[in-house]
1. Does region 38-50 hold any residues that are over 11 Å from K70 (Cβ atoms) and in a strand (DSSP E or B), and which are they?
2. Starting from residues that are modelled with pLDDT under 85 and of a type in the set (D, E), keep the ones in region 29-70 and report whichever is farthest from C19 (Cα to Cα).
Amino acid sequence: MKKLLFIGILFGGVALTSCSKDWVCECQEYGEVTTYPIKDKTKKQAKKQCRGDVSIGLVNVGGDENCVVK
């Protein structure tokens, strides 16, 4: 029973960790598509960087809605 619990905790911990990897930010402006790489970030971090989101205290200011992470 202890081994089963240990294995469950181990797999649960691995499943909850965020993997950092490389992403591509794609922005569309005036009919033109621009892409640039985002290196070694989690998906959440890459989305923030791609859109240009800024946090000021408890207020989040959204960035460019025309940009998506792929």
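The values are calculated or read from the model by the stated rules, or taken from the named source; none is laboratory data. Everything numeric here is computed off the predicted structure, so don't read it as measured data. Every residue, glycine as well, gets a Cβ built from its backbone with ideal geometry; the counts of neighbours run over all protein chains shown.
1. K39, D40, K41, listed by residue number.
2. Checking each candidate, the answer is E29.
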